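**Q** Quick one: this structure, given as structure tokens, is what I'll be asking you about.
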Amino acid sequence: MRSKRLGILLSGRGSNFLAIADAIASGKLAGVEIAVVISNKVDAPGLAAARERGLNAVAIETRGRKRAEHDSEIVACLHEYQVDLVCLAGYMRLLSQEFVAAFPQRILNIHPSLLPAFPGLDAQRQTLEYGAKVAGCTMHFVDEQLDHGVIILQKTVPVLDSDDEHTLAARILEQEHIAYAEAIARVLSEKYQIVGRRYLAEA
């Protein structure tokens with residue numbers, strides 16, 4: 001049986017991409033391989049890191065292009081590499097409806113808050129300004145709305161009185177790296193069902 005193939009989308013350094021790659025290399029994610037890493041920025045450090053690891057790395061720039069056209073090219077690339085699951089790892093663009101429809105319940109994203117609290121940018125700052133006592137990260141399926149799809153799993157961290165955005169973000173990021181590999185394994189196992197907005201693992 002062939003390995004399950006991941007397509008990674010990133011816009012920056014891609015620390016979650018590296019955590020996924022490490023989980024595959026260590027055997028924590030068995031039967032999984034990264035088929036292609038795609039960025040909307042030619043100079044994204046994550047692309048360079050992918051090449052250093054001998055992975056297929058493709059830049060598909062957004063500049064001066066309509067979203068639908070850009071997304072169509074990415075979808076074509078993902079199909080070319082026979083991707084089973086799309087993983088957004090710091091990909092800083094909303095996906096078009098056509099993109100989401102091309103991979104139904106097969107696009108994952110991670111967000112540095114306990115959704116539905118604090119969606120969008122600067123989630124750690126939002127958490128601190130609100131005075132929340134618990135923070136964390138959320139792995140979810142991607143739909144057409146921002147940080148809205150069905151939640152697969154969440155990890156929590158306490159908010160310390162001494163925290164600023166950077167210290168809180170660093171502790172959340174540690175949990176993100178754990179959560180992403182766990183969510184990939186869960187989804188690829190196909191041992192779950194979605195009822196309404198609830199992800200339910202099968203016994």
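**Q** Which one of 128, 85, 114 is surrounded by 15 or more Cβ atoms within 10 Å (Cβ to Cβ), touching a strand residue (DSSP E or B) at 6+ places or on another chain (Cβ under 9 Å) and under 23 Å from residue 60 (Cβ atoms)?
**A** Details: 128 fails: under 23 Å from residue 60 (Cβ atoms); 114 fails: under 23 Å from residue 60 (Cβ atoms).
Sole residue among the options that is surrounded by 15 or more Cβ atoms within 10 Å (Cβ to Cβ), touching a strand residue (DSSP E or B) at 6+ places or on another chain (Cβ under 9 Å) and under 23 Å from residue 60 (Cβ atoms): 85.
**Q** Does the range 136-151 contain any residue that is in a strand (DSSP E or B), in contact with a Pro (Cβ under 6 Å, 6 or more places away or on another chain) and not polar (S, T, N, Q)?
**A** Yes, the range 136-151 contains at least one residue that is in a strand (DSSP E or B), in contact with a Pro (Cβ under 6 Å, 6 or more places away or on another chain) and not polar (S, T, N, Q).
**Q** Go through (1) free of Cβ contacts under 8 Å to residues at least 60 places away in the same chain; (2) surrounded by fewer than 17 Cβ atoms within 10 Å (Cβ to Cβ) and name the single condition residue 55 misses.
**A** Residue 55 satisfies every listed condition except (2).
**Q** Looking at 48, 30, which is the one that is in a loop (DSSP other than H, G, I, E, B) and over 17 Å from the mean Cα position of the chain (by Cα)? Walk me through how you get there before you give the answer.
**A** On the way: 48 fails: in a loop (DSSP other than H, G, I, E, B).
The conditions single out 30.
**Q** Between a first residue in the range 147-173 that is touching a residue at least 40 places away in the same chain (Cβ under 8 Å) and a second residue that is of a type in the set (Lys, Arg) and loosely packed, with under 13 Cβ neighbours inside 10 Å, which pairs have beta carbons less than 8 Å apart while being 6 or more apart in sequence or on different chains?
**A** Every condition considered, the pairs that remain are 150/197; 150/198; 151/197.
**Q** Right, something else. Between a residue in the range 74-95 that is at positive phi and in contact (Cβ under 8 Å) with a residue 12 or more places away in the chain and any residue that is surrounded by fewer than 21 Cβ atoms within 10 Å (Cβ to Cβ) and not hydrophobic (A, V, I, L, M, F, W, C), which pairs come within a Cβ distance under 9 Å, given they are 6 or more apart or on different chains?
**A** Listed pairs, sorted by first residue: 82/2; 82/5; 90/11; 90/12; 90/13; 90/15.
**Q** Considering each residue of the range 102-111, count those that are more than 11 Å from the chain's Cα centre (by Cα) and either of a type in the set (A, V, I, L, M) or closer than 16 Å to residue 173 by Cα (or both), and give that number.
**A** Within the range 102-111, residues that are more than 11 Å from the chain's Cα centre (by Cα) and either of a type in the set (A, V, I, L, M) or closer than 16 Å to residue 173 by Cα (or both) number 1.
Quick note: the coordinates plus some simple rules give every number you see, no bench work behind them. Bear in mind that the values here come from a model prediction, so they are computed numbers and not experimental data. A quick note on method: Cβ atoms are made from the backbone with ideal geometry, for glycine too, and the neighbour counts reach across all protein chains shown.
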